[in-house]
Each structure stands twice: as structure tokens, then as C-alpha cells.
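K.L.:
Encoded as C-alpha cells, here's the structure I'll be asking about.
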Amino acid sequence: MKPNKILGFGISCVLGLAATSCSDFLEKTPMSQIPPEQYYSSASQIDAILMDNYPNILPGHGSWYGYFEGDDGTDNQVRTGGCWSQYTTDLWRSNNEAGEWYFSRIYYLNFAFSNILTRYGEKLDGQDNTISGDLPLVQHYIGELYFLRAYHYFTKLKTFCDFPIILNPFTTIGRSFPTLPQGSPATKWHARFSMTSTRPSTLCNSQISTQHASTETRHCCLNPV
Amino acid sequence: MLNHGKDSRKRYNATGKFSAKLTSWAEFRYSVRYVHSDTNVPSRFGDDWYNYIGAQTWPNLPIYDENGYYYSNEGGAPAMGLAQGGTRLTDRDETYQQAGLTIEPLKNWFIRGEFNYRIDQSKDRQTRLPIYDHYVDGSIKDMQYSSSLYQSFFQNKYANWNVYSDYTFSIKDAHNFKVMAGFQSEEKKQEYFNVSAYGLQDYELPELDLTTNLQGNGEDKAPSVHGRRNQWSILGFFGRINYDYKGKYLLEANLRYDGSSRFRSDRRWTWSPSASLGWNIAEESFWESIHPVVNLLKLRASFGHLSNQNTNDWYPTYRTMSTGTANGDWLQGNKRPNASWVNGLISTYLTWEKIKTWNIGLDWGLFNNRLTGSVDAFIRDTDDMLGPPVELPNTLGLTAPSENNCALRTTGWELQITWRDVTPFGLGYSISANISDARTKIKAYPGNITGDIANYNPGHYLGEIQGLTSIGIAKSQEEMDAHLAALDRRFEEVNGYAPATPLQGQSWYGTNWAAGDMMYKDVNGDGQITWGDWNWNNPGDMTVIGNTTPRYFFGIDLTANYKGFDFRAFFQGVGKRDFYSRSPLFWGAFEGGIWQSTGFKVHEDYFRAEDVVFNYTDHNGNPAQYVLHANLDSYYPRPLHNFKNQEWQTRYLQNAAYIRCKNMQLGYTLPQSITGRLGISQLRLYVSVDNLFTITKLSKVFDPENVGGGSSLGGRTGDGNTYPMARTWSCGLSISI
């Protein structure tokens with residue numbers, strides 16, 4: 001190759017690279033992970049979301065006391081390793097952040113709803129549904145999600161009585177944090193709760209013998225708390 | 001310590017270089033370097049190995065049983081795992097290629113293009129074999145452990161372009177200019193996958209095709225397969241102007257514009273200007289009379305703006321889902337279902353950290369450059385630093401993502417002095433020393449809402465250690481009670497009434513205070529030992545007791561040569577550093593319980609009011625005794641499995657300052673008159689030793705050089721449980737032909 005050609009080749013390489021660089025070169029999106037905007041689009045994916053959530057309302061097996069670990073930190077027993085910040089002289093102090101105060105499960109469910117319901121559409125009978133998979137199954141799964149959220153709020157209601165209810169999750173954080181959604185007081189809560197609970201009973205399909213077991217689940221779906 | 005199992009590494013290198021002057025105005029260069037290595041280590045020799053060696057090798061734990069078989073204590077003792085637990089072979093190939101083209105279209109105008117390409121790929125093949133203990137009769141105690149084979153492939157490709165042009169010119173032989181402009185890009189792509197299969201049919205032939213998919217207990221286990229790809233790139237444009245007037249006044253100005261794929265398009269680019277000024281005082285005419293003594297004196301000052309991505313995350317601004325196979329916890333039809341969830345919140349507003357540096361310096365050369373040196377002082381402000389966000393209500397549901405919301409200021413200085421001379425009788429020698437110091441103050445850290453004193457607090461320095469002030473170990477119950485009674489009296493003075501229960505002044509930290517326990521000082525004088533609200537508004541009796549930041553780094557380099565002999569000694573050290581460890585490697589008795597506790601020789605120095613007698617049967621079957629005598633003046637308190645005596649406190653604060661002879665070398669180069677006849681241009685014999693000796697006050701358990709490393713078993717910094725630096729003796733022969 002003559003020097004002039006090498007020079008020309010070199011310069012065209014450089015220019016070509018520079019031209020494509022600025023626009024595309026720095027646009028690198030995750031290659032091996034699904035963004036949430038693409039997920040929640042098939043019945044089996046919604047199933048996977050349910051499978052992440054169910055174990056959190058079912059009694060679990062801890063590593064020391066097994067099933068009875070649920071009694072840790074109560075007047076029945078301390079936990080291994082102690083609860084020394086909770087038991088003080090003449091006083092049983094409750095946690096001020098962990099445990100019942102967690103909103104993470106409600107967040108996960110709300111986040112799933114915000115993605116699923118856009119795909120399912122406004123119409124309850126699923127006319128506008130774009131989620132792939134058997135429609136009755138999709139409906140049933142959505143019903144189970146409603147049940148799960150209602151269950152979490154019901155637990156909070158039992159523990160705290162009045163409790164903020166949040167139905168819209170944050171998605172991404174931009175320049176600054178927007179104002180957090182304010183919780184509604186309990187009175188509104190009851191109204192909202194009974195309103196949402198009409199939906200699962202419509203959606204839950206008693207004809208589907210769900211592989212998620214349990215008659216209890218279906219019972220809860222059909223006869224919301 | 002590691003004399004079980006095989007540990008080997010082989011490395012091969014090959015390098016090739018080629019350059020061609022294509023025409024009078026163009027030159028092409030190409031070089032390639034290839035490195036291959038084979039590493040073979042026991043598969044159980046993982047990252048946690050050093051962490052647990054203290055806990056798992058108690059003096060009473062044998063390596064072999066009475067029949068001569070390895071004894072693993074059901075997997076707890078490490079030696080058998082190293083010897084028989086399988087091996088990990090890593091086969092790694094690295095190729096570096098570099099091509100460059102330099103064109104000179106006009107005199108002193110260069111266009112330079114450079115392309116670097118690196119491929120780094122490695123294959124792992126790891127077997128994990130079951131290890132079993134034996135019964136007294138020699139039969140195997142079958143615990144039904146599984147065997148497995150893990151294979152992985154990892155490839156990293158890195159491409160880097162540097163294209164720039166520079167032009168040097170002078171005006172009237174006084175104003176010298178150099179201008180440069182160019183661009184630079186980096187791109188990295190990564191690919192990874194691995195397979196694990198279970199049930200090896202033959203331990204000598206570990207192959208994926210020869211696995212049974214059965215676990216040790218006979219149950220099925222399907223192979224697991226994982227894989228992922230990643231990519232990342234940055235692009236930068238830069239320009240520079242150098243100007244000097246007769247070599248006396250120097251100016252350099254830089255401007256960079258960088259973009260990263262890690263940030264979103266509207267927050268991707270950052271400008272980084274910098275400038276420096278220099279004044280060569282020794283070149284001035286008024287200096288002429290002093291010039292014979294001070295032949296170089298140069299004053300420098302600079303201000304620069306740098307940007308830093310400060311993340312190892314490939315895509316810190318993209319939200320993703322966690323999806324898995326058979327990872328659900330609620331069995332469906334006797335199988336684990338798939339479960340998935342959305343990952344944590346991210347901020348699309350993340351961007352570069354900005355670093356501003358001011359620097360001032362002086363270079364000198366005296367007595368015909370025999371005494372040279374430089375001194376520098378700098379201030380570095382890091383703004384827009386990544387840190388946790390302000391605390392948000394729990395109703396958010398997830399942890400809020402990190403933001404560019406913190407700021408730091410680092411101040412420091414550096415001094416370097418060298419004396420180099422040759423004596424009239426031919427002994428050449430040099431003494432070189434440098435010392436530097438830097439400390440960093442936190443300017444803003446909004447993430448620490450509650451003012452947690454263990455977290456970052458504005459106005460405080462990085463690395464602070466907070467703790468109680470220790471009075472000492474109580475030698476008797478009376479001494480402890482007298483201390484507690486004094487606390488009670490103080491309580492009454494302050495409050496006007498006696499405490500409800502007497503002698504409870506230290507009960508914040510524990511109960512049953514007795515002989516051998518710590519007595520803590522009531523720093524804030526309220527009659528109780530507490531940490532208050534654990535913030536600096538009310539720290540109770542906590543104060544800043546030390547700082548882990550290494551200060552006054554120094555190095556001393558001595559060299560001498562005489563008639564073919566050469567000698568070099570290099571010392572390094574740290575002038576001031578504190579270290580605190582809550583790990584069982586330091587304390588022996590672990591606060592978390594007996595099983596992580598460690599029994600090194602130093603731990604024998606614990607408090608005991610009476611002799612401790614161990615009765616045992618010796619090798620001849622005769623009863624024998626080992627006595628640990630009473631130790632009232634002990635270093636360690638009585639061994640308890642709780643924190644009360646191990647609280648962060650002044651008594652156990654370690655002084656980690658040190659000086660270490662890092663390298664000492666003696667060599668002899670054969671005279672040219674002899675070697676020249678053999679066609680050898682240089683032949684040198686040498687003996688060298690690394691880490692010859694260390695002077696430090698630090699506990700013998702730790703190595704002062706890597707004391708900040710290691711994992712944390714209940715500590716805030718590294719617990720120092722890394723493997724100490726090895727002393728290495730080497731001798732060799734280097735020949736150049």
C-alpha cells in the first residue's frame with residue numbers, strides 16, 4: 001500500500017469513527033438485564049412476580065426456631081443474638097424502622113400494577129389486553145396481585161389502625177426528589193379498600209384450578225377481607 | 001501453613017515490535033505482547049480462607065486422625081479441603097496490540113494516531129470433591145456430600161484510540177509555543193458464562209459429559225448455566241497550549257471535554273479546564289551571582305479541574321429487573337418456581353464527580369545538581385461526590401438511590417530530596433528521601449440525617465475512630481465496685497438523687513461487671529458510661545480517639561556502587577496511623593460466640609485471677625498437666641463472648657506506624673573486559689531480599705502494611721485479616737547480549 005493510501009485510510013478511519021462516535025458510541029444500555037418497561041408482558045412473567053411475593057405473606061422457617069421464629073422479639077421469646085435494644089427495664093420498645101414499618105412489599109406490588117394495568121387496559125373484560133398468554137390466567141394473576149396488596153394493607157391496618165395508603169410507586173429519580181405521595185387517612189382508606197376489592201372478585205377466576213394452591217387464596221380473592 | 005494441596009502458577013510471555021519509516025514524513029509502529037498463564041490452586045482456597053483460618057485452626061484441632069487420614073472435623077478444618085477438596089485451574093491468555101502512525105506534514109507539525117487493543121480471556125475449570133472423615137476402624141463416615149464441576153469462560157475486550165496533532169513553533173527565538181489537540185476513546189466489552197454440573201463419575205476425569213446430575217444423597221440436581229455481557233465506553237476531546245518565554249516563564253493550559261456511556265445523554269458530558277504557571281528563577285539575570293550554588297530554582301502553581309466517574313457499575317442510570325430460574329421460595333408441584341422483582345431505584349441524574357485541585361510547588365538543584373528536590377502543597381476539592389441521599393420516608397418502599405450530593409476537601413503536601421555524588425576514590429552513592437501527607441475533611445454529607453457518629457459528618461476528617469476512654473482492667477471485684485460506686489456518686493451530684501439501682505454506671509454496655517473487666521472513664525461527667533444519642537450533639541462518653549488515615553508516608557532509598565559492586569536499600573513507612581480491630585484475630589475471644597474465636601499465642605495474655613490447669617494424657621498414656629498461671633497484669637480483659645470489654649476504646653487502639661526495609665539488594669557486575677570476550681554486554685549477579693525487617697508497635701497479629709485490608713467481621717474498616725507480606729529471598733543472574 002502506498003503511503004498516500006495509508007494516510008487516506010487512516011484519516012477516513014479517524015473521521016468515520018469520530019462521526020459515529022458522538023451519537024451512538026456512548027449509548028450503552030444493559031445487554032443482559034431486562035428493563036422494567038419490557039417486563040410484565042406475559043402471563044408467566046406476572047406469575048414470577050407473584051412467586052416473589054407469596055413467600056412474604058406465608059409463614060417462613062427461620063434457621064434457629066423454625067416456624068416459631070415469628071415469635072422473636074415478642075413477650076414469648078427473644079431472638080438468638082438478643083433483642084437488647086427492645087427489652088429495657090420496665091419497658092418493651094418497638095422498632096422504629098424495620099419490620100411492620102416496611103413498605104417495600106407494597107412498593108413491589110404497586111410497581112407491578114403500574115406496569116401491568118397499562119398493558120391490560122381499562123376494560124375489565126380484557127378487550128384491550130396486550131399481555132400475552134391465556135386471558136383468564138392473566139386475569140386471575142392480576143386478581144391475586146390485588147389480593148396480595150389488600151392483604152398487606154390489612155396487616156398494616158390491624159397493627160397500626162390508621163396507615164397511609166399509596167397506590168402509585170416511584171419509578172426513577174431525576175434532578176430532585178418529587179414530593180412523596182401522601183398517605184390518605186383511614187376513613188378514605190376504607191372507601192378505597194372496598195372499591196379495589198370489587199376488582200379482584202371480578203378478575204379472580206374460580207374456574208381456574210390455580211397452581212398456586214390454595215383454596216384459601218381463592219377464598220380471599222373471591223371474598224375480600 | 002499452606003503445605004497441603006497444590007499451588008502452582010506458570011507464565012509465558014512473548015513480545016514483538018515492528019516499526020517502519022514509510023517515507024521521510026510518515027512512520028508506522030506496531031507491537032504485540034502475549035501473556036499466557038496457568039494457575040492451579042485448591043478449589044477451597046477462596047477469598048474466605050484467610051478470614052476463617054483463625055477460627056478453624058485451633059491448637060486442639062488435629063490435621064490427621066490416629067489412622068493417618070486427614071481429619072476435616074466435618075468440613076470445619078481447612079487442611080483436608082486444601083489437599084483433597086478439588087482443584088481450580090485457570091487458563092488465561094492476554095494479548096496486547098498497539099499500532100501507531102505518525103505523520104509530519106510540515107516541519108514540527110505532527111499528526112499521531114494510536115490504536116491499542118487488548119483481549120483478556122480466561123477459562124476456569126474447578127472441581128469440588130467431597131471430603132470425609134474416618135471412623136476409628138478406618139471406615140468412611142459418609143456424609144453424602146456432592147461432587148461438582150464448574151467451568152467458566154470470561155472475555156474482556158478493550159479498544160482505545162488516541163488521535164492527536166501537535167505543532168511546535170517559536171517567534172523571534174524567545175516565544176516558544178506548542179499547541180496540541182486531539183481525541184481519545186475507550187470501549188470495553190465483556191462476555192461471561194459458566195456451567196456447573198453435579199455428580200462426577202470419575203474424580204480423575206472431570207468432564208461435563210461425564211456427570212450424572214446426581215447429588216451425594218442420590219437426588220437429581222440439574223446443571224446450572226449462567227451468562228452475561230456488558231459494555232462501556234468513554235470519549236474525550238482535549239487541547240493543550242504550552243508557552244514559554246526564553247525558558248523563564250512557562251504556561252500550560254488544558255481543556256478536556258469528556259463523555260461517558262455510564263450517564264444519560266443530558267448529563268453525560270463534562271468540561272475539565274486546567275492551567276499551570278512556572279517561573280524558572282535561576283534563569284533570570286539577577287540570579288547569575290548565585291547560579292554556581294543554586295543552578296535550578298523553579299516555582300510552579302497550577303489549578304485544575306478533573307472529572308471522575310466514581311462507579312464500577314456498568315449502567316448506574318438504568319433500572320433493571322432481577323429475574324431468576326427456580327429461585328422462588330414457595331414450591332409449586334415440588335419444584336422451585338421462577339421469581340422476579342424490580343431492582344432498586346436509580347437516579348437518571350447521576351453525573352461526573354468534579355475535582356478541583358490547587359497546587360503550588362518549588363523545584364531546586366544545588367551544587368551542580370548534586371542536591372535536588374521539590375516541595376509541593378495542594379488543596380483538592382471534590383464536589384458533586386456520589387453519596388447516599390437525604391433520608392426519605394419509609395413509605396417510599398425502597399432505599400433511595402445515591403446522588404451527587406457530597407463534598408470533600410483534601411489538603412496535603414509532599415517533599416522530596418536527593419543527594420547524589422561520586423567520591424574521588426570512585427564510590428558512587430545517593431540518598432533519596434520523600435515524605436508526603438494528606439488528610440481529607442468532609443464538607444457536605446446530607447445522607448447522614450441522624451448525625452450517626454460512625455457515618456460521615458461534615459466538619460470531621462475521614463477515617464476517624466470514635467470510642468470510649470479506658471481507665472484499665474479491674475484487678476479485683478473491689479476495684480470494679482469502687483469504680484462503679486464513684487460513678488454513682490457523680491450521678492447523685494449531677495441529678496440530686498442516687499441512681500435507682502446502685503453500681504449500674506456501666507450497664508449501658510453490659511451487666512455483671514467483675515474482676516478482669518474494663519473500667520471506662522466518665523468523659524462527660526454524668527455518672528454513667530453511655531454513647532448518648534450516638535451523634536455529635538450528644539455523644540455521651542464517646543470522643544474521637546484516633547484516625548485510620550495513614551499520615552506521613554515516607555520512603556528512603558540508599559544506593560551505592562563501587563568497582564562493579566552495587567548496593568541498594570529501600571525503606572518505606574507510615575509516620576502516624578491508628579488502627580482498631582474488633583475481629584477475633586485481635587481479641588481471641590469473639591463477641592459473637594465461641595466458634596469464631598481464635599487462639600494465637602498473643603491471646604494467652606488474658607486476665608485470669610487464678611491458675612488454669614489442663615489435665616491430659618500424654619503420648620505414653622501418663623497423666624500430665626499444663627498450667628496457665630494467674631495473670632492480673634494482662635493485656636486482654638477476661639475472655640467473654642460479648643462486646644462489653646471490646647467496645648471501641650483507647651486502651652486497644654493500635655499504633656500502626658511502621659518502618660519496613662522493603663528491599664535490600666547486593667549485586668556485582670562483571671567487568672566488561674571479561675564479559676566482552678564472550679559477546680555479553682552486561683552480566684550481573686545479585687542477591688535480593690524483600691520485606692527484610694519491620695519496626696512497629698502494632699499487635700503482632702497484623703501486618704502494618706496491609707492492616708487496612710481484609711474483610712470485616714464486625715468492624716467498620718477492614719479488620720486487617722489479610723495474609724501478611726512474605727519475606728522473599730531471591731538471587732539471580734541477569735545477562736544482556
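The values are calculated or read from the model by the stated rules, or taken from the named source; none is laboratory data. Everything numeric here is computed off the predicted structure, so don't read it as measured data. As a convention, Cβ positions derive from the backbone with ideal geometry for all residues, glycine included, and neighbour counts pool all protein chains shown. Just so you know, the surface numbers come from the protein's heavy atoms only, side chains and all, with ligands and any DNA or RNA stripped out. Shrake-Rupley method; radii C 1.70, N 1.55, O 1.52, S 1.80 Å.
K.L.:
Can you say whether B:Glu252 is in a strand (DSSP E or B), within 24 Å of B:Asp120 (Cα to Cα), charged (D, E, K, R) and in contact (Cβ under 8 Å) with a residue 12 or more places away in the chain, as far as the supplied structure shows? Step through it out loud before you land on a result.
P.N.:
Numbers: in a strand (DSSP E or B): yes; within 24 Å of B:Asp120 (Cα to Cα): no; charged (D, E, K, R): yes; in contact (Cβ under 8 Å) with a residue 12 or more places away in the chain: yes.
When the stated conditions are applied, B:Glu252 does not pass them.
K.L.:
Sticking with this one: Within segment A:53-73, restricting attention to residues that are open to solvent by less than 20 Å² (accessible area, probe 1.4 Å) and either within 16 Å of B:Val342 (Cβ to Cβ) or modelled with pLDDT of 80 or more (or both), which residue is nearest to the other protein chains (Cβ to nearest Cβ)?
P.N.:
The qualifying residue nearest to the other protein chains (Cβ to nearest Cβ) is A:Tyr54.
K.L.:
Can you pull out the residues in segment B:620-634 that are of a type in the set (Ser, Thr, Tyr) and exposed (fewer than 10 other Cβ atoms within 10 Å of the Cβ)?
P.N.:
Of all residues in segment B:620-634, those of a type in the set (Ser, Thr, Tyr) come to B:626, B:634.
B:Tyr626 - this is the single residue of segment B:620-634 that is of a type in the set (Ser, Thr, Tyr) and exposed (fewer than 10 other Cβ atoms within 10 Å of the Cβ).
K.L.:
Of (1) at pLDDT 85 or above; (2) farther than 21 Å from A:Arg105 by Cβ, A:Phe147 satisfies all except one. Which?
P.N.:
So A:Phe147 meets the others, but not (2).
K.L.:
Still on this model: Could you grab the pairs with beta carbons closer than 6 Å, sequence gap of 6+ or different chains, first residue in segment B:268-293 and farther than 15 Å from B:Gly247 by Cα, second one open to solvent by less than 70 Å² (accessible area, probe 1.4 Å) and assigned to a loop (DSSP other than H, G, I, E, B)?
P.N.:
The qualifying pairs are B:Thr270/B:Trp352.
K.L.:
Take B:Phe600 and decide whether it is open to solvent by less than 40 Å² (accessible area, probe 1.4 Å) and over 30 Å from B:Thr559 (Cα atoms). Quick ask: steps written out before the conclusion?
P.N.:
Numbers: open to solvent by less than 40 Å² (accessible area, probe 1.4 Å): no; over 30 Å from B:Thr559 (Cα atoms): yes.
So B:Phe600 does not fit the description; no.
K.L.:
Here is a further query. Test of understanding: among B:Asp541, B:Asp526, which residue is in contact with a helix residue (DSSP H, G or I) (Cβ under 6 Å, 6 or more places away or on another chain) and either within 30 Å of B:Val707 (Cα to Cα) or surrounded by fewer than 19 Cβ atoms within 10 Å (Cβ to Cβ) (or both)? Give the derivation first.
P.N.:
On the way: B:Asp541 fails: in contact with a helix residue (DSSP H, G or I) (Cβ under 6 Å, 6 or more places away or on another chain).
Exactly one of B:Asp541, B:Asp526 is in contact with a helix residue (DSSP H, G or I) (Cβ under 6 Å, 6 or more places away or on another chain) and either within 30 Å of B:Val707 (Cα to Cα) or surrounded by fewer than 19 Cβ atoms within 10 Å (Cβ to Cβ) (or both), namely B:Asp526.
K.L.:
I want to confirm something. Restricting to segment B:237-283 and keeping residues that are surrounded by 15 or more Cβ atoms within 10 Å (Cβ to Cβ) and of a type in the set (Asp, Glu), which single residue is farthest from the chain's Cα centre (by Cα)?
P.N.:
B:Glu283
Results for (1) at pLDDT 90 or above; (2) within 14 Å of chain A (Cβ to nearest Cβ), shown as yes or no for each residue.
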position	(1), (2)
B:Phe237	yes, yes
B:Lys248	no, no
B:Ser265	no, yes
B:Ser276	yes, no
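K.L.:
Follow-up. Just for strands (runs of 3 or more DSSP E) wholly inside segment B:339-425: which have at least 1 residues that are in contact (Cβ under 8 Å) with a residue 40 or more places away in the chain and open to solvent by 40 Å² or more (accessible area, probe 1.4 Å)?
P.N.:
Values: elements: B:340-342, B:353-366, B:371-387, B:403-422.
Per the criteria, B:353-366, B:371-387, B:403-422.
K.L.:
For segment B:161-183, which residues satisfy the criterion of being open to solvent by less than 50 Å² (accessible area, probe 1.4 Å), within 12 Å of chain A (Cβ to nearest Cβ) and out of contact with any helix residue (DSSP H, G or I) (no Cβ under 7 Å at 6 or more places or on another chain)?
P.N.:
Within segment B:161-183, B:Asn162, B:Ser165, B:Gly182 meet the criteria.
K.L.:
Looking at segment B:703-737 only, could you name the residues that are modelled with pLDDT of 85 or more and closer than 13 Å to B:Pro584 by Cα?
P.N.:
Those that are modelled with pLDDT of 85 or more and closer than 13 Å to B:Pro584 by Cα: none in segment B:703-737.
Listed here are the residues, each with its yes/no results for (1) closer than 30 Å to B:Gln596 by Cα; (2) assigned to a helix (DSSP H, G or I).
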residue	(1), (2)
B:Leu640	yes, no
B:Phe643	yes, no
B:Gln646	yes, no
B:Tyr652	yes, no
B:Asn663	no, no
B:Gly667	no, no
B:Ser673	no, yes
B:Gly676	no, yes
B:Ile680	no, no
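K.L.:
Hey, does segment B:308-319 have a residue that's at pLDDT 90 or above, open to solvent by 30 Å² or more (accessible area, probe 1.4 Å) and part of a strand (DSSP E or B)?
P.N.:
Pass one, segment B:308-319, residues at pLDDT 90 or above: none.
No.
K.L.:
All but one of (1) exposed (fewer than 15 other Cβ atoms within 10 Å of the Cβ); (2) modelled with pLDDT under 90 hold for B:Ile453; state the number of the condition that does not hold.
P.N.:
The single condition B:Ile453 does not satisfy is (1).
K.L.:
Are any residues in segment A:108-128 at the interface with chain B (Cβ under 8 Å from one of its Cβ atoms) and open to solvent by 10 Å² or more (accessible area, probe 1.4 Å), and if so, which ones?
P.N.:
Across segment A:108-128, the qualifying residue is only A:Tyr108.
Quick grid of which residues meet (1) without any contact (Cβ under 8 Å) to a residue 24 or more places away in the chain; (2) open to solvent by less than 30 Å² (accessible area, probe 1.4 Å):
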position	(1), (2)
B:Gly5	no, no
B:Val35	no, yes
B:Arg44	no, no
B:Leu61	yes, no
B:Asn73	no, no
B:Gly81	no, yes
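K.L.:
How many of the residues in segment B:286-322 are farther than 28 Å from B:Leu255 by Cβ and facing chain A (nearest Cβ under 10 Å)?
P.N.:
7
K.L.:
Name the residue that is farthest from B:Ser43 (Cα to Cα), counting only residues in segment B:56-93 that are out of contact with any Gly (no Cβ under 7 Å at 6 or more places or on another chain) and of a type in the set (A, V, I, L, M).
P.N.:
Checking each candidate, the answer is B:Leu61.
K.L.:
While we're looking at this one, here's another question. Can you tell me which residue is farthest from B:Asn310 (Cα to Cα) among those in segment B:220-235 that are assigned to a strand (DSSP E or B) and more than 8 Å from chain A (Cβ to nearest Cβ)? Step through it out loud before you land on a result.
P.N.:
Step one: filter segment B:220-235 for residues assigned to a strand (DSSP E or B), giving B:220, B:224-235.
Okay, now just the ones that are also more than 8 Å from chain A (Cβ to nearest Cβ), so B:220, B:224-226.
Numbers: B:Asp220: 45, B:Ser224: 34, B:Val225: 32, B:His226: 28 Å.
Top of the filtered list is B:Asp220.
K.L.:
Okay, moving on. So B:Thr325 passes all but one of these: (1) among the hydroxyl-bearing types (Ser, Thr, Tyr); (2) more than 30 Å from B:Gly412 (Cα to Cα); (3) away from chain A (no Cβ under 14 Å). Which condition number does it fail?
P.N.:
Here B:Thr325 clears every test but (3).
K.L.:
If you don't mind, another one. Hey, B:Ser432 hits all of (1) more than 24 Å from the chain's Cα centre (by Cα); (2) in a loop (DSSP other than H, G, I, E, B) but one; which does it fall short on?
P.N.:
Going through the list (1) more than 24 Å from the chain's Cα centre (by Cα); (2) in a loop (DSSP other than H, G, I, E, B), B:Ser432 breaks only (2).
K.L.:
Something else about it: So, of the residues in segment B:94-108 that are open to solvent by 60 Å² or more (accessible area, probe 1.4 Å) and at pLDDT 90 or above, which turns out to be nearest to B:Glu204 (Cα to Cα)?
P.N.:
Looking at the filtered set, the residue picked out is B:Tyr96.
K.L.:
Moving on. Among the strands (runs of 3 or more DSSP E) confined wholly to segment B:470-578, which include 3 or more residues that are hydrophobic (A, V, I, L, M, F, W, C)?
P.N.:
B:551-562, B:565-576
K.L.:
Can B:Ala181 be described as among the small types (Gly, Ala, Ser), touching a strand residue (DSSP E or B) at 6+ places or on another chain (Cβ under 9 Å) and within 23 Å of B:Phe18 (Cβ to Cβ)?
P.N.:
Details: among the small types (Gly, Ala, Ser): yes; touching a strand residue (DSSP E or B) at 6+ places or on another chain (Cβ under 9 Å): yes; within 23 Å of B:Phe18 (Cβ to Cβ): no.
Criteria not met by B:Ala181.
K.L.:
Being farther than 30 Å from B:Lys248 by Cα, more than 14 Å from chain A (Cβ to nearest Cβ) and open to solvent by less than 40 Å² (accessible area, probe 1.4 Å) is true for just one of B:Asp91, B:Asp133, B:Asp137. Which residue is that?
P.N.:
B:Asp133
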